[in-house]
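What follows is one structure encoded as structure tokens, with my remarks underneath.
The values are calculated or read from the model by the stated rules, or taken from the named source; none is laboratory data. Quick caveat, the model's predicted, so the values are computed rather than measured. Every residue, glycine as well, gets a Cβ built from its backbone with ideal geometry; the counts of neighbours run over all protein chains shown.
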């Protein structure tokens, strides 16, 4: 059998004994199959996604079978909050601009939370949380279902037990034109 000129192996090249020519795509296919197998095992062992867990928690009845009052946390928490009214500042001879007046210092010991907004859309709450993060303030988003079934998203900072930290954070937020609502958490008795 004669070979066509220019095809085959170059002159003087030798193939090791027992070596067969393999196509290069077979290594790619083997790596892909192995990667898919590992990804499938990880997916099966990961459990439900966070959204699925939250949905399951909402569907569970509040008084569940054998668990009377099982989810009391959601009803007790709003009852343990008190909005603290801002004290009236003394009238100075020349009233300063609203953004220049520091917030009244809180002196009554307790546990406080600052609410930096309440929004109908979660995206708006996420934006506020991000703007607070740029100021170095850590916040959380709390989803609250009203009696009419509507969901609002509160952006909360704290809780604070240190009055010094609380007052410092309130001043920082006021300097950056972020309105907050001061909420004092009631103590368990």
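A few notes on this one:
- Strands (runs of 3 or more DSSP E) completely within the range 100-170 that count 3 or more residues being at pLDDT 90 or above and farther than 12 Å from residue 182 by Cα: 140-145, 151-160
- Positions within the range 151-178 being more than 16 Å from residue 112 (Cα to Cα) and in contact with a strand residue (DSSP E or B) (Cβ under 9 Å, 6 or more places away or on another chain), in sequence order: 151, 152, 153, 178
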